[in-house]
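Asks: Here's a structure for you.
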Number of protein chains: 2
Amino acid sequence: MVFPSDLEISRSAVLQPLTEVAAGVGIDEQLLEPYGRTAAKVSLDAIDHLADRPRAKYVVVTAITPTPLGEGKTTTTVGLGQAFGQLSLPGMVAVRQPSMGPTFGIKGGAAGGGYAQVAPMEALNLHLTGDMHAVTAAHNLLAAMVDNHLHKGNALGLDPHAVSWRRVIDVNDRDLRQIVSGLGGRADGSPRQTGFDITAASEVMAILALCTSLQDLRARLGRIVVGYDYDGQPVTAEMLRAAGAMCVILRDAIKPNLMQTVEQTPVLVHCGPFGNIAHGNSSIVADRIGIRAADYLVTEAGFGADMGAERFFNIKCRASGLTPDAAVVVATVRGLKAHSGKYTVVAGRPLPEAMLEESPDDVRAGAENLRRQIANVRRHGVTPVVAVNAFPTDHDSEQRAILHVAAEEGVRAAVSTHFTEGGKGAIELAEAVIDACDEPSGFDLLYPDELPLVDKIDTVARQIYGADGIDVSPTAARQLETYERNGFGSLPVCIAKTHLSLSADPALKGAPSGWRLPVREVRASAGAGFVYPICGEMRTMPGLSSSPAAERIDIDANGEVVGLS
Amino acid sequence: MVFPSDLEISRSAVLQPLTEVAAGVGIDEQLLEPYGRTAAKVSLDAIDHLADRPRAKYVVVTAITPTPLGEGKTTTTVGLGQAFGQLSLPGMVAVRQPSMGPTFGIKGGAAGGGYAQVAPMEALNLHLTGDMHAVTAAHNLLAAMVDNHLHKGNALGLDPHAVSWRRVIDVNDRDLRQIVSGLGGRADGSPRQTGFDITAASEVMAILALCTSLQDLRARLGRIVVGYDYDGQPVTAEMLRAAGAMCVILRDAIKPNLMQTVEQTPVLVHCGPFGNIAHGNSSIVADRIGIRAADYLVTEAGFGADMGAERFFNIKCRASGLTPDAAVVVATVRGLKAHSGKYTVVAGRPLPEAMLEESPDDVRAGAENLRRQIANVRRHGVTPVVAVNAFPTDHDSEQRAILHVAAEEGVRAAVSTHFTEGGKGAIELAEAVIDACDEPSGFDLLYPDELPLVDKIDTVARQIYGADGIDVSPTAARQLETYERNGFGSLPVCIAKTHLSLSADPALKGAPSGWRLPVREVRASAGAGFVYPICGEMRTMPGLSSSPAAERIDIDANGEVVGLS
């Protein structure tokens, strides 16, 4: 039998009315605003409505350092949520919304996969309830107001060469990375070098994900720094009188979107901030609702535990005040084999043939990465659980090798076959998670607010990445000094480095040692509330390939979508 | 008593559940997809479901040549729809969706006004169900695929200097009018002069408004010409394999949006194509639903009767096959006074003091414009009705002067006070419209498909605008020849000229004679299905003022929107 495509599985799923999905976790119909028949926005009033209910166990799903193919964190998140349903426990899932640009680029859609996915995948991947578009619109209104301010007399003395606010669009469009705007005549603005990032990279997206209420959203938008005046002082969205209108544009986008998995598990889909220059986690408001709705709230953090989970702990939990009870570390046979350093995995291409041969030794050779990511979770006082995300090409001996590493580290572990079997395949994992959540936990931030920014970077580099220290460029040093002076010194740091290695060099696999983290420059997302040092090439606008998914996506004679995968 | 603001009136309106609004015009709940609580998409299946019902009377609302302030065509459209309700007749309104960019620019919101508006105005003016965003996304995906095609080997031989497909954004952003994209390194595309238009100016918007079904949408998208190859042959979205994905992006946007007026009259809000470079009418699919739902379907055409109504007749009705029964020509005292040529009216500023003094002579001096627009309606075999849209600053003698002109022309007329009184204030107008619809009508297109393009332009210029003829530039002549050769010769023409005069010179008021229409260049919207000669300066991307509405739009302490007006 041929395994069905994600789209076929999504289409064949029997979905419940969302009012029933919501009712199952205590969310009244009056708190739902339907958007079409397959998604609904949840009013933020739900936070107050649910306040008296017991707090759920809060589980974050993270991973080893992934290959460019990803190691199935989203499928594991969804599968784990579904497993709670199989155990008749009220579980709930909170995930990011996929970006539409990449849907038409390399990916063709993202919603988990196999029998562990959010449904329907068309709704999830295309517009959903329009939040991404609202972020784009709010971001670009501010950009227009920046240039309009320059055009209309520049009362604030904004230095055109010190404007850092670019524009965003949710399309993979490399030609917009670097542009000169304001060409034409005097009435068409003033020429200025600028460009577009993809919407997921917008600070507005990070703000939406990190705000705790509508009023907090309004305040954070006002704190956005668009650039500096001729005296080097920050110019904010509030000073440009843009933040109110931006907040109005986002007033529906702040409400999380309720959907369901193919097994009818409730899912809150909300926000999709970038995983390198931003924190790569779904929204705080979604978790604030989910934490009182379900018994188990499972959320996902982008990339490996050094990246998404570190930010989950030190940026998201710092802002929300919510503390996790357990962290699932997803590991795969192919991922650990890649960490042996013997193979090169490339996105969009099949795995090297040799990598498919049985070799538990390769797995063991790459296991240092798993050990380090387990330690990274423990460093925050959180109990790890290793999930071996099973692939059909795995050999038993290889999966056992991973379980053996986990046992050596004293960590609960389970093989999970959610992709092919849905929630049933993740029951053993769920039982391990339940046990882990029952352990006394002592969540701890990695560093206090008051630590100087440079020391925060050094702490993450040494304690999480395993670096020997950091090398701060003169530019970066000057920027750090400016940020401390501007009052941003108490913010957490979001280190923008490659997600393909614990180090700053994507070619270094396993758990590299004997290296130092180069800090090239530092930027601030003052509205979102973090400072982000740039430690490598960060691409904030993808391009299309020579054969983009868009070329295969179409409607058929019945008007149904084809080509999403 | 101070007259309440539009936002206050909108907030105080008692709205019905949309299922009841729909049921009142025979639309089953199963055909509705709710989007929030105040808008719902109507499935295109409604066209088949309603096929056996009698056909409604089809009324288009047009106007004299407006001042820059507008003469209240939308309020009249809404008020007339409400008046049918007052007469216990099932009336329905079909209008365009306001563009979000201008909401934050000069206007602060558009939804009719006073007691004749679509509610709630926040939903209407902000995102609604995301159709505008979908148009933006589909348009810009094609743009990215154009540049990606150039970047990845240019197999079609597309001439980079002959690419006419720009990008769009729904923000008033003058600095994006003219840009150079593709700067940076080799991986960042190739430098090329291009720019952004506002989303309403997108050909995709015109296509969405003119298509008759999802499959027709798909076919029209494929016919979009993005530029020409090195041999001068058109390169289409179909050849770039982009049209399928664009159609998928638009698969919800094609469904009209059901809302209601402040008097619970059902309103289909759908599409907002530009009124100069496009046809400026709401969608055909909305009218196809409305024409079988209500007894009276009232729709609006942009600008004066020489512009929106001419395109309604010759572009929209040509494509839909629907024929109008009556056309309301909105006239105002201030508008006809302005046509006397004695006053200058400027957008965003109060009327000149002298214009507010009682002067029926000024009204009579400007009446030639009204006479010409009445004739323009009659030229298409449609029965006109003059609506005097009353303003508090009008004098009785001035309103009577308009009624007298209508009587001289043998046209039914009524003063309408819908702005201050709602549907009750438009009852007399509605009765005149009912009588007009009962007249035998002989709708006639102005010109046949097979007339050469240049003769179509000449026909509109002479017979509708009152020109002595047309002056075609050598460039335009060459372009017309190319379009005839490319097979676009059978398309109707959409003449892009100023809407502030019957002529091509916005300063000429009344009904100018002794002038010729200069045709500077000609462009084709092959997907939408029209050719548009450019006869004047056409701004397709507005800018923000020195005090944009965005600066006053905010949320209050309760999270409610303030500053929309």
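The values are calculated or read from the model by the stated rules, or taken from the named source; none is laboratory data. All values reported here derive from a predicted model rather than from experimental measurement. A quick note on method: Cβ atoms are made from the backbone with ideal geometry, for glycine too, and the neighbour counts reach across all protein chains shown. Side chains are part of the model used for accessible areas, which takes the heavy atoms of the whole protein and leaves out ligands, DNA and RNA. Shrake-Rupley method; radii C 1.70, N 1.55, O 1.52, S 1.80 Å.
Asks: So what are the ³J(HN,Hα) numbers for region B:532-538, from phi and the Karplus equation (6.51, -1.76, 1.60; θ = phi - 60°), rounded to whole Hz, Gly and Pro as x?
Replies: Running phi through 6.51 cos²θ - 1.76 cosθ + 1.60 with θ = phi - 60° gives 10, x, 9, 10, x, 6, 10 Hz.
Asks: What average number of partner chain Cβ atoms lie no more than 10 Å from the Cβ of the residues making up A:133-143?
Replies: Numbers: counts 9, 4, 0, 6, 11, 1, 1, 7, 13, 2, 5.
Counting other chains' Cβ atoms within 10 Å and averaging over A:133-143 gives 5.
Asks: Going Cα to Cα from A:K337, which aspartates and glutamates come in below 13 Å? Please leave out same-chain ones fewer than 8 positions away.
Replies: Hits, sequence-local ones excluded: A:E71, A:E353, A:E357, A:E358, A:D361, A:D362, A:E368, A:D394, A:E398.
Asks: Remind me, relative contact order of region A:131-246 in percent, using alpha carbon pairs under 8 angstrom and six or more residues apart? Write out the running numbers ahead of the final one.
Replies: Details: 165 pairs, mean separation 36.1, N = 116.
With pairs under 8 Å counted, the relative contact order is 31 percent.
Asks: Mind ordering B:86-94, B:307-315, A:202-210 by average Cβ neighbours within 10 Å, highest first?
Replies: Details: B:86-94: 21.1, B:307-315: 27.3, A:202-210: 29.6.
Packing order, densest peptide first, comes out as A:202-210, B:307-315, B:86-94.
Asks: For the Cα atoms of chain A, what angle does the longest principal axis make with the long axis of helix A:131-151, in degrees from 0 to 90, nearest 10?
Replies: The angle comes out at about 20 degrees.
Asks: Ratio of Rg to Rh for region B:453-534, alpha carbon only, Kirkwood?
Replies: Working: Rg = 12.5 Å, Rh = 12.8 Å.
So for region B:453-534, dividing Rg by the Kirkwood Rh gives 0.98.
Asks: When you look at the Cβ of every residue in B:551-558, what mean number of other chain Cβ atoms sits within 10 Å?
Replies: On the way: counts 6, 3, 9, 8, 11, 1, 1, 2.
Counting Cβ atoms of other protein chains within 10 Å of each residue's Cβ and averaging gives 5.
Asks: Ordered by packing density, taken as the mean number of other Cβ atoms within 10 Å over each peptide's residues, highest first, how do A:384-397, A:434-447, B:122-135 rank?
Replies: Values: A:384-397: 20.4, A:434-447: 14.9, B:122-135: 25.6.
Going by the mean number of other Cβ atoms within 10 Å, highest first, we get B:122-135, A:384-397, A:434-447.
Asks: Restricting to Cα pairs below 8 Å that are 6+ residues apart, what does the relative contact order work out to for region B:186-258? Please round to a whole percent.
Replies: 22
Asks: One quarter of the convex hull surface, Cα atoms only: what value does that give for chain A in nm²?
Replies: Values: hull surface 102.0 nm².
Projected area, direction-averaged: 25.5 nm².
Asks: Taking 19 Å as the cut-off for C-alpha to C-alpha distance, list the pairs among B:K73/B:K456; A:K255/A:K497; A:K57/A:K255; B:K73/B:K424; B:K255/B:K316 that go past it.
Replies: Numbers: B:K73/B:K456 27 Å; A:K255/A:K497 31 Å; A:K57/A:K255 22 Å; B:K73/B:K424 17 Å; B:K255/B:K316 17 Å.
Long pairs (Cα-Cα over 19 Å): B:K73/B:K456; A:K255/A:K497; A:K57/A:K255.
Asks: In terms of modelled amide H atoms, which long-range or inter-chain residues lie less than 5 Å from the amide H of A:T299?
Replies: Under 5 Å from the amide H of A:T299: A:V59, A:V60, A:V61, A:A94.
Asks: Distance between Cα centroids, region B:493-565 to region B:1-80: provide it in whole Å.
Replies: Rounded to whole Å, the Cα centres lie 24 Å apart.
Asks: What net charge is computed for the residues neighbouring A:V330, neighbours being all others with C-beta under 9 Å from the C-beta of A:V330, Lys and Arg scored +1, Asp and Glu -1? Could you put the intermediate results ahead of the total?
Replies: Numbers: positive: A:K73; negative: A:E71.
Result for the neighbourhood of A:V330: 0.
Asks: Computed on alpha carbon atoms, what radius of gyration and Dmax characterise region B:181-315, expressed in Å?
Replies: Gyration radius and largest Cα-Cα distance of region B:181-315: 18.0, 61 Å.
Asks: Under 5 Å between amide hydrogens, which residues at least 5 positions from B:V330 or on another chain qualify, with H placed 1.01 Å from N in the peptide plane?
Replies: B:T62, B:A63, B:I64, B:A387
Asks: Another question about this same structure. Quantify how strongly other chains surround peptide B:30-42 by giving the mean number of their Cβ atoms within 10 Å of each of its Cβ atoms.
Replies: Details: counts 0, 0, 1, 5, 6, 8, 8, 3, 1, 0, 2, 2, 0.
Per-residue shielding by partner chains comes out at 3.
Asks: Helix-only mean residue ellipticity at 222 nm, chain B, DSSP H runs n ≥ 4 weighted -39,500 (n - 2.57), per residue, nearest 500. What is it?
Replies: -8500 deg cm²/dmol
Asks: Related question: What nm value, rounded to one decimal, do you get for the distance between B:A347 and B:H404 when each label is placed 7 Å out toward the C-beta?
Replies: Label-label distance for B:A347 and B:H404, simple model: 3.4 nm.
Asks: A:R523's amide H: which non-local residues (gap 5+, or another chain) put their own amide H closer than 5 Å, with H modeled 1.01 Å from N in plane and none for Pro or chain starts?
Replies: A:Y532, A:I534
Asks: Work out from phi, with θ = phi - 60° and the Karplus expression 6.51 cos²θ - 1.76 cosθ + 1.60, the ³J(HN,Hα) of each residue of region A:87-99, listed in order in whole Hz, and give x for Gly and Pro.
Replies: Calculated HN-Hα couplings, in order: 8, 6, 10, x, x, 9, 10, 10, 10, 6, 8, x, 7 Hz.
Asks: Over chain B, what is the relative contact order in percent, taking alpha-carbon pairs closer than 8 angstrom and at least six residues apart? Walk me through the intermediate numbers first.
Replies: Working: 1325 pairs, mean separation 119.0, N = 565.
After rounding, I find 21 percent.
Asks: Further question: How far is the Cα center of region A:259-277 from the Cα center of region A:140-155, in Å?
Replies: About 35 Å separates the Cα centre of region A:259-277 from the one of region A:140-155.
Asks: Okay, next question. Measure nothing fancy, just the Cα-based angle from helix B:73-86's long axis to the longest principal axis of chain B, in degrees from 0 to 90, nearest 10.
Replies: 50
Asks: Once the Cα atoms of helix A:367-378 and of chain A are each reduced to a long axis, what angle between those two axes, in degrees from 0 to 90 to the nearest 10, is obtained?
Replies: Rounded to the nearest ten degrees, it is 70.
Asks: May I pose another question? Restricting to region A:453-534, what percent of DSSP beta bridges are antiparallel, rounded to 5?
Replies: 50
Asks: Next question, about the same structure. Report ³J(HN,Hα) in whole Hz for each residue of region B:281-290, in order, from the Karplus equation J = 6.51 cos²θ - 1.76 cosθ + 1.60 where θ = phi - 60°; Gly and Pro get x.
Replies: 10, 6, 7, 5, 5, 4, 5, 5, 6, x
Asks: Can you list the residues of region B:165-180 that have at least 20 square angstrom less accessible area with all protein chains present than in their chain by itself, probe 1.4 Å?
Replies: Listed in order, they are B:R167, B:I169, B:V171, B:D173, B:R174, B:D175, B:L176, B:R177, B:Q178, B:I179, B:V180.
Asks: Once the Cβ-Cβ distance between B:A507 and A:Q193 is put in as r, and R0 is 45 Å, what FRET efficiency do you end up with, to the nearest 0.05?
Replies: Here the calculated transfer efficiency is 0.70.
Asks: What's the Kirkwood radius of region B:131-249 in Å, using all Cα pairs? Walk me through the numbers before you get to the answer.
Replies: Values: mean 1/r = 0.0683 Å⁻¹.
Here the Kirkwood hydrodynamic radius works out to 14.6 Å.
Asks: Relative to the other copies, what are the label-point distances for A:P506, with labels 7 Å from Cα along the C-beta vector, expressed in nm at one decimal and sorted shortest first?
Replies: 5.0
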